[in-house]
Amino acid sequence: MSAAKSIRDLIQLARNAAGEIFEASKSFPHEERYSLTDQIRRSSRSTKAMISEEWARRRYKAVLINKIDEALGEASETQSWLDDAFDCGYINSAQFEKTDADWRAIAELLARMSDRASDFCKYASGTSHRGTTMEEPLIWSDEISDESDAAI
């Protein structure tokens, strides 16, 4: 898996990896249909969807990091289900190694995005979602607090 140079590249990497999971899971036993098969497909597709969502919600650093963490959690869950598929003999070692490497690469890219979240945010912390500069917040002073307490 090559390095992503844009968000579309990262989404495409996740899309391809989810497609590989889907193809591999077609051969899982029928009794795994509502457990392993469903879970690994859901988490792999969810990773891609959350990457798209995080990019759309990148206005503020904290929100971006939250969404990246959710995508990273889904990617890690996919790796966990992949481990189970390998342990049960549903995929061979070559499939496992390639697919696991793909999901590790996606997780590493997400972790790097989280570390550099400020670089991806649309607006600096002092601006609103409309791009206007925000006024200084009101500061609660002791004088106001004392007067309010006396009135109560």
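The values are calculated or read from the model by the stated rules, or taken from the named source; none is laboratory data. Just so we're clear, the structure is a prediction, and the values are computed from it rather than from any experiment. Neighbour counts are summed over all protein chains in view; Cβ atoms, including those assigned to glycine, are modelled from backbone coordinates with ideal geometry.
Contact map, the stretch 86-110: first residue at negative phi, second residue part of a helix (DSSP H, G or I) and among the charged types (D, E, K, R), Cβ cut-off under 6 Å, separation 6 or more or different chains; pairs are 99/20. Assessment of the stretch 115-123 against the conditions (in a helix (DSSP H, G or I) and modelled with pLDDT of 90 or more) yields at least one matching residue.
Taken over the stretch 39-51, the residue count meeting the criterion of being within 16 Å of residue 91 (Cβ to Cβ) and not small (Gly, Ala, Ser) is 3.
Residue 32 meets all of the listed conditions (1) more than 14 Å from residue 81 (Cβ to Cβ); (2) over 19 Å from the mean Cα position of the chain (by Cα); (3) not β-branched (Val, Ile, Thr) but one, namely (1). The sole residue among 8, 33 that is within 26 Å of residue 112 (Cα to Cα), without any contact (Cβ under 8 Å) to a residue 12 or more places away in the chain and out of contact with any Lys or Arg (no Cβ under 7 Å at 6 or more places or on another chain) is 8. If you go through the stretch 44-55 one residue at a time, do you hit one that is basic (Lys, Arg) and loosely packed, with under 15 Cβ neighbours inside 10 Å? There is no residue in the stretch 44-55 that is basic (Lys, Arg) and loosely packed, with under 15 Cβ neighbours inside 10 Å. The numbered conditions (1) within 15 Å of the chain's Cα centre (by Cα); (2) in a helix (DSSP H, G or I) are all true for residue 94 except (1).
Taking the stretch 11-30 as the range and being closer than 20 Å to residue 95 by Cβ, in contact (Cβ under 8 Å) with a residue 24 or more places away in the chain and not in a loop (DSSP other than H, G, I, E, B) as the test, the residues that pass are 13, 14, 15, 16, 17, 18, 20, 21, 24, 25.
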